[in-house]
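Bear in mind that the values in this text are calculations on the coordinates, not laboratory data. Please read all numbers here as calculations on a predicted model, not as lab measurements. Ideal geometry is used to build each Cβ from the backbone, glycine not excepted, and the neighbour counts take in all protein chains shown.
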Amino acid sequence: MIARLWHGMTPADRAEEYLEYLNSTGVPDYRHTRGNRGVYVLGRTEGDTAHFLLISLWESRDAIHQFAGEDIEEARYYPADKEFLLEFEPHVTHYDVLIGRPAAEPSA
């Protein structure tokens with residue numbers, strides 16, 4: 001399995017609005033691409049800046065190609081991103097998932 005990490009920043013006062021936008025654009029695209037094994041959206045605020053880290057999990061590089069296109073290292077953006085993001089990071093980062101299993105349900 002492969003983890004794909006993307007980072008973006010918005011003004012802190014637009015964080016909720018951008019999260020809604022992510023949840024209506026990128027997140028469904030990830031989830032509906034064959035080979036996607038999940039997507040997590042992490043956030044934190046530092047002063048006037050909100051940071052978003054999207055971690056998507058994929059069964060293979062071929063599956064990532066289905067989402068990202070030919071150059072899987074290139075970040076993928078959506079039309080209205082220009083209304084929110086403070087900058088456009090050109091690349092994403094990929095990691096091989098070496099250990100990863102869902103937590104076991106607690107015993108009753």
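Some values worked out for this structure:
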quantity	calculated
Selected residue (criterion: nearest to the chain's Cα centre (by Cα)) from residues of the stretch 43-61 that are assigned to a strand (DSSP E or B) and among the small types (Gly, Ala, Ser)	Ser56
Whichever residue in the stretch 25-61 is among the aliphatic types (A, V, I, L, M), touching a Phe, Trp or Tyr at 6+ places or on another chain (Cβ under 9 Å) and without any contact (Cβ under 8 Å) to a residue 40 or more places away in the chain and, among such residues, is farthest from Gly8 (Cα to Cα)	Val39
Residue that is touching a helix residue (DSSP H, G or I) at 6+ places or on another chain (Cβ under 8 Å) and surrounded by fewer than 16 Cβ atoms within 10 Å (Cβ to Cβ), where the choices are Glu74, Glu70, Glu83	Glu74
Enumeration of residues in the stretch 9-18 that are surrounded by fewer than 17 Cβ atoms within 10 Å (Cβ to Cβ) and not charged (D, E, K, R)	Pro11, Ala12
Filtered residues of the stretch 26-42 (kept if surrounded by fewer than 15 Cβ atoms within 10 Å (Cβ to Cβ) and either assigned to a strand (DSSP E or B) or polar (S, T, N, Q) (or both))	Gly38, Tyr40, Leu42
Criterion (in a loop (DSSP other than H, G, I, E, B), in contact (Cβ under 8 Å) with a residue 12 or more places away in the chain and not charged (D, E, K, R)) met by exactly one of Ile64, Ile72	Ile72
Verdict on Arg4 being touching a Ser or Thr at 6+ places or on another chain (Cβ under 7 Å) and of a type in the set (Lys, Arg)	yes
